[in-house]
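The values are calculated or read from the model by the stated rules, or taken from the named source; none is laboratory data. Nothing here was measured: the structure is a model prediction, and the numbers come from that model. Ideal geometry is used to build each Cβ from the backbone, glycine not excepted, and the neighbour counts take in all protein chains shown.
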Amino acid sequence: MSRFYNDVVVYDGQGNFQIYGYPTTVFPPTNFHTATWVAGWIYIIGNLGYLGDRTIGETPVYRLNCSTFAIEKVTTCGEALGWIHKHRAVLSHGQIHISGGKIWAIQQDKPTLVDHTEAYFLDLEQPCWHRVET
């Protein structure tokens, strides 16, 4: 069984590492997420996570303060894209654009992983999710 953790590893560029661990109530074990730097914060979006910890319809968003290494859950509004992982994130004009990846969803009355084929962005000012209209 694979293990992944609820920690942040900081490399100082001179060969030294610092590991910060967090309680699971603050930051759950997270894998296959994106990490996007925005003005002194790192926004952590998505997570495959352990099976029992996934929530269909929710998109996990956390942010790490790059000065204090405190981490906090970001409460979002709007139409969340779902429990996503293995996606791409691009910062543009105060928005984090999300595309690709896999979503944990219900199909034929069973939870399963499906391809994420739509594009969304998180407007960081509110913060609210929006579907990109094509």
Discussion item. Return the residues of region 70-91 that are of a type outside the set (D, E, K, R) and farther than 14 Å from Ala35 by Cα; say none if nothing qualifies.
Written reply: Ala70, Thr75, Thr76, Cys77, Gly78, Ala80, Leu81, Gly82, Trp83
Worksheet item: So which residues in region 89-134 are at pLDDT below 95, out of contact with any strand residue (DSSP E or B) (no Cβ under 7 Å at 6 or more places or on another chain) and within 16 Å of Glu58 (Cβ to Cβ), if there are any at all?
Response: Ile106
Item to complete: Look through region 97-134, keep the residues that are in a loop (DSSP other than H, G, I, E, B) and within 14 Å of the chain's Cα centre (by Cα), and return whichever of them is surrounded by the fewest Cβ atoms within 10 Å (Cβ to Cβ).
Response: Gly100
Practice prompt. Working only within region 74-89, note down all residues that are part of a strand (DSSP E or B) and either touching a helix residue (DSSP H, G or I) at 6+ places or on another chain (Cβ under 8 Å) or touching a residue at least 40 places away in the same chain (Cβ under 8 Å) (or both).
Written response: Cys77, Gly78, His85, Arg88, Ala89
